[in-house]
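In what follows, a structure is listed as structure tokens, so that the remarks can point back to it.
Quick note: the coordinates plus some simple rules give every number you see, no bench work behind them. Bear in mind the structure is a predicted one, so any value in this text is a computation, not a measurement. Cβ atoms come from the backbone with ideal geometry, glycine included; neighbour counts cover every protein chain shown.
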Amino acid sequence: MSGYDRNDVDEDRPTSPELPQARRRARAVSRRLAVPCPAGALGFDTDERPTAAQYQLLRALGFRFACRYLGDLTSAEVDDALDAGVGIIPVQHAHLPGWSPDTLKGADDGARAVHHAAVAGLPACTLWADIEGCAGSAADLAGYVRAWCASPVKAGFEAGGYIGSGTPGDSETLWRLDFTGYWKSQSDVPTPARRGWRLIQLFAPPYGSCTVGDVFPGCSPAVRELTIDVDVAQSDYLGALPKMIVRAP
């Protein structure tokens with residue numbers, strides 16, 4: 001998955017947003033809700049910001065959802081996607097490979113995820129943490145995840161984990177993390193025991209990521225060079241599907 005490094009940069013997090021801004025966010029949230037993705041739905045994740053026209057073209061190709069990065073995702077982009085019929089799944093940027101997990105970093109990253117979700121006008125949904133590239137132990141990671149999940153859960157969100165290359169632990173230790181849903185990367189990683197995956201990222205040879213044109217050779221030039229990873233939604237072993245944000249009826 002692309003999108004490293006954004007958690008290593010200090011963000012402006014206003015402590016007292018102006019009332020008009022707060023009202024605009026509240027109106028945006030009221031027009032959106034999270035619903036389960038259909039099993040087998042095709043989606044993508046990308047570090048690039050698709051335009052409104054590109055979202056329309058991507059939906060016409062069959063993509064049902066887009067996984068987009070908190071901190072980059074804006075309310076305007078959410079509207080562009082939802083107007084095209086593409087649901088949004090929010091995920092936090094990963095740290096650079098080799099990062100060391102601890103509870104302080106987990107608490108800060110979790111609070112940052114909630115803040116960015118509010119800025120984008122997201123309703124209660126699943127916020128995903130990208131924990132790939134971790135250099136700590138399974139116990140260190142468990143402490144980080146416990147602290148990360150606290151803020152989203154307190155704010156009414158669900159916390160999910162993207163399990164990528166370098167994630168320490170085995171099936172049992174992954175299962176014991178505080179996440180309630182798991183997203184499999186292209187890498188060879190253990191499957192969380194008793195839970196399994198809600199999202200699976202497909203591998204595109206030789207490097208993993210691809211362009212829309214690699215998947216759909218006959219697509220419009222307007223989206224042909226957009227770099228993506230392809231993802232598929234499914235039910236995990238406990239019957240839960242990933243959730244995507246859509247336009248409220």
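Counting only lysines at least 8 places from residue 105 when in the same chain, those with an alpha carbon closer than 19 Å to its own are 154. With a cut-off of 14 Å between beta carbons, the residues surrounding residue 36 carry a summed charge of +1, where Lys and Arg count +1 and Asp and Glu -1.
Annotation: the antiparallel percentage among DSSP beta bridges lying fully within the chain is about 40.
The H on the amide N of residue 181, modeled in the peptide plane, is under 5 Å from the matching H of 161, each at least 5 residues off or on a different chain.
Around residue 142, under 10 Å between beta carbons, what's the net of Lys plus Arg minus Asp minus Glu among the other residues? Walk me through the numbers on the way to the answer.
Values: positive: 146, 176; negative: 140, 178.
Spelling it out: positives minus negatives among the neighbours equals 0.
Note down the Stokes-Einstein diffusion coefficient of the chain in µm²/s, whole number, using a Kirkwood radius over alpha carbon pairs, 10 °C, and 1.306 mPa s. Don't skip to the end; give the middle numbers.
Working: Rh = 18.1 Å.
In µm²/s, the coefficient is 88.
Every helix of 4 or more DSSP H residues in the chain counts as -39500 (n - 2.57), and over all residues that averages to -9000 deg cm²/dmol at 222 nm. The simple Förster model, with R0 at 22 Å and r as the Cβ-Cβ distance, assigns residue 154 and residue 24 a FRET efficiency of 0.40. Can you bin region 127-237 into rounded, prolate or oblate? Criterion: square roots of the alpha carbon gyration tensor eigenvalues sorted a ≥ b ≥ c, rounded for a/c under 1.5, prolate for a/b above b/c, oblate for the rest. Judged from the Cα gyration tensor, region 127-237 comes out prolate (a/c at least 1.5, a/b above b/c).
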